[in-house]
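Visitor: This is the structure, below, for whatever I ask next.
The values are calculated or read from the model by the stated rules, or taken from the named source; none is laboratory data. Since we're looking at a predicted model, the values are computed, not measured. Virtual Cβ from ideal backbone geometry, glycine too; neighbours counted across all protein chains shown.
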Amino acid sequence: MRNVFQRIGDGFRRFMTGRYGSDQLGLFLSMALIVLLVLSMFLRFWPLQILVWALFFYLWFRMLSRNYTARARENERFLSLTGRIGRFFRVRRSRFDDRKTYTHFRCPGCGQELRAPKGKGRIRVTCSKCGRQFETKV
Ligand SMILES: [Zn+2]
């Protein structure tokens with residue numbers, strides 16, 4: 001029995017040789033596919049069914065693709081997009097976390113976001129980005 005499984009495993013490895021396989025985008029697509037699949041079981045909504053099939057074929061197309069550079073580029077674009085989204089939320093999160101101890105404001109010159117400890121009254125600020133000096137109340 002072990003031999004059979006080994007042969008299947010070897011065959012699969014040989015089949016996948018030179019093919020792209022999985023990456024972060026592939027993982028994300030698989031999870032999206034599972035979520036949509038579950039949704040489509042409850043909602044009889046035909047565009048959703050089409051989306052599930054499209055996602056399914058795209059996922060397999062990417063895994064079996066031999067065009068490594070094109071797939072890697074897609075994954076890179078995906079990673080830079082998710083990185084930007086992650087940063088967006090991290091910035092808001094940290095601003096929310098220190099809202100009791102810091103006042104946040106923007107530089108009138110360049111719009112750079114700045115912060116200073118709360119409760120010091122009027123202070124003179126030098127922008128860390130453009131060097132402009134201005135007064136603000138914290
Ligand atoms: Zn500035």
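Visitor: Mind checking which pairs have a first residue in segment 53-66 that is assigned by TED's automatic domain parsing to the domain that holds Met41 and a second that is among the polar types (S, T, N, Q) and part of a helix (DSSP H, G or I), Cβ under 8 Å, 6 or more apart or different chains?
Guide: Pairs that qualify, where the first residue is assigned by TED's automatic domain parsing to the domain that holds Met41 and the partner is among the polar types (S, T, N, Q) and part of a helix (DSSP H, G or I), are Leu59/Ser30.
Visitor: Hey, another quick one. Within segment 93-126, which residues are among the polar types (S, T, N, Q), more than 15 Å from the ligand (Cβ to nearest atom) and not in a helix (DSSP H, G or I)?
Guide: Thr101, Thr103
Visitor: Next question, about the same structure. Only residues that are over 20 Å from Lys100 (Cβ atoms) and more than 9 Å from the ligand (Cβ to nearest atom): list them for segment 127-138, please.
Guide: Once the filter is applied, which keeps residues that are over 20 Å from Lys100 (Cβ atoms) and more than 9 Å from the ligand (Cβ to nearest atom), segment 127-138 yields Gln133, Glu135.
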